[in-house]
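K.L.:
Structure below; questions to follow.
The values are calculated or read from the model by the stated rules, or taken from the named source; none is laboratory data. Just so it is clear, the model here is predicted, and its values are computed rather than measured. Note that each Cβ is placed from the backbone with ideal geometry, even for glycine, and that neighbours are counted across all protein chains shown. Please note that ligands, DNA and RNA were not included when accessible areas were found on the heavy atoms of the full protein model with its side chains. Shrake-Rupley method; radii C 1.70, N 1.55, O 1.52, S 1.80 Å.
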Amino acid sequence: MATQKKGQGIAFKIPDHVEAPAPAAAAEPQADVRPAVPRTGVGMLSRMLSGAAADTEAVSKLNAEIEKLKLQVGEQLIDPRQIVLTRWADRHPDSFSSQAFSELKQEIESAGGNVQPIKVRPMRGATGEQGDGPRFELVYGSRRTRACLELGLPVRAVVDENVDDQTLYVQMQRENRGRSNLSAWEQGVSYHKALNEGLFPSARRLAEQIGLDHSNVAKALRVAELPQEVVGAFRSPVEIQFRWAVALDKAFEQDPDAVLAAARSLAGRSPRPAAAEVFRALTEAVSRKPKAKAKEVTQTFALADGKKGVIRAGKGGAVTVELPRGVLSPARWTAFETALQKVLAELQDAP
């Protein structure tokens, strides 16, 4: 038996066509991905607007968070129907029909509420179960409260439980000056009320506490002390200016009848004259009134030898004594002066 050699009996089949295996996909290098740079003005503008929109959204979110934090550290949103005015409220109703108030109301409406909070203090005995009833007393912010009330918006407020009456008044006055200051008449009425109720011992002390010069407080008080008929001559008392206070007061003191007559005439005019015209008419009423002419008064008295002397009171009020020629020589002037002084002294001491 023949020995089989290595390799014998092994058959190899070679196909007619052999497909080469597909080469492995080469790993693509990591591309440096960058946003395409706009090549046109429209593209650049679109990209800027997109970025601005993203920034605006971020700012809006931050503002929302800030508002939440504000409310957490003392501010509250309160129904304005739950807020009552303090008894020292100093705004005249005409203040809420002015152009300045209309502009404030529009600003609050566009912002969706008052950005700057008002301040209130809880009313004694008020509870959260009172519904829409009064729960807070206003410290300051009457115009913002009124605007939110008319717009049907909640008012942003700081609630301070530690405000006494005097502190309330001082904060109210200082806040008003930082915003839409009160008219002379409004301030005068407010000062009178505070003094009458004993909040301050004197007008000077009041001026020190609210940070005003005492002369300004005095002028405001003079305006508030004017007779109602004089105030009523103006279309609104808020039109009376500080610089008119002294002149109006002096005119009334000098001739009250003339000033009151002019005030009644002005109040009956239609249309009502402007404030400056009213002021001029009231102060000129005194100067237009004809003054009685002073008369010269004389009195004669008898002297020796049938002669007469004259005592004369002139138009200016000066009194002179006239003696006939030869009655008093220059040598006797000194003696006459001494005697005259003695007589005048005795007359002054006489009952």
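K.L.:
Please list D165, D255 from largest to smallest accessible area, probe radius 1.4 Å, with all protein chains kept in place.
P.N.:
Correct descending sequence by accessible area is D165, D255.
K.L.:
A follow-up question, please. When a/c is below 1.5 the answer is rounded, else prolate if a/b is larger than b/c, else oblate, so apply that to the stretch 146-264 with a ≥ b ≥ c taken from the square roots of the Cα gyration tensor eigenvalues.
P.N.:
Since a/c reaches 1.5 but b/c is at least a/b, the shape of the stretch 146-264 is classed as oblate.
K.L.:
When the chain is fully extended, how far beyond the present Cα-Cα distance does N162 get from E75, taking 0.36 nm per residue of separation?
P.N.:
Computed gain between N162 and E75 is 29.8 nm.
K.L.:
When only the heavy atoms of the protein chains count and the probe is 1.4 Å, how do V223, V115, V159 rank by accessible area, highest first?
P.N.:
V115, V159, V223
K.L.:
Moving on. At 1.4 Å probe size, put F279, F242 in order of accessible surface, largest to smallest.
P.N.:
The ranking, largest first, comes out as F242, F279.
K.L.:
Also, I was wondering about something else. Distance between the C-alpha centers of the stretch 155-197 and the stretch 310-342? Whole Å please.
P.N.:
66 Å
K.L.:
Long-range amide H contacts for M123: which residues qualify at under 5 Å (H placed 1.01 Å from N, peptide plane, sequence gap of 5 or more or a different chain)?
P.N.:
Excluding prolines and chain starts, which carry no amide H, the hits are F136, E137.
K.L.:
Stretch E322-F301 to full length: gain in nm at 0.36 nm per residue minus the Cα-Cα span?
P.N.:
6.5 nm
K.L.:
Between rounded, prolate and oblate, where does the stretch 198-297 land on the alpha carbon gyration tensor, with a ≥ b ≥ c its root eigenvalues, rounded for a/c under 1.5, else prolate if a/b exceeds b/c?
P.N.:
oblate
K.L.:
Near the amide H of I240, under 5 Å away, which other amide H atoms are found, from residues 5 or more places off or on another chain, if H is placed in the peptide plane?
P.N.:
W185
K.L.:
Each residue of the stretch 206-216 in order: what ³J(HN,Hα) in whole Hz does its phi give by Karplus 6.51 cos²θ - 1.76 cosθ + 1.60, θ = phi - 60°, with x for Gly and Pro?
P.N.:
Each residue's phi maps through the Karplus curve to give 4, 4, 5, 5, 8, x, 10, 5, 4, 5, 5 Hz.
K.L.:
Decide, for the stretch 161-209, between rounded, prolate and oblate: order the square roots of the alpha carbon gyration tensor eigenvalues as a ≥ b ≥ c, take rounded if a/c falls under 1.5, and otherwise choose prolate if a/b is larger than b/c, else oblate.
P.N.:
Since a/c reaches 1.5 but b/c is at least a/b, the shape of the stretch 161-209 is classed as oblate.
K.L.:
Per residue, what volume in Å³ does the convex hull of the Cα atoms of the stretch 129-170 enclose?
P.N.:
Convex hull volume per residue, Cα atoms: 90 Å³.
K.L.:
Let me ask something additional. How high is the FRET efficiency between A261 and Q99 when r is their beta carbon distance and R₀ equals 45 Å, given to the nearest 0.05?
P.N.:
Using R0 = 45 Å, I get an efficiency of 0.85.
K.L.:
What FRET efficiency comes out for the pair Q106/L85, r = Cβ-Cβ distance, R0 = 22 Å, nearest 0.05?
P.N.:
The pair Q106/L85 has a calculated efficiency of 0.45.
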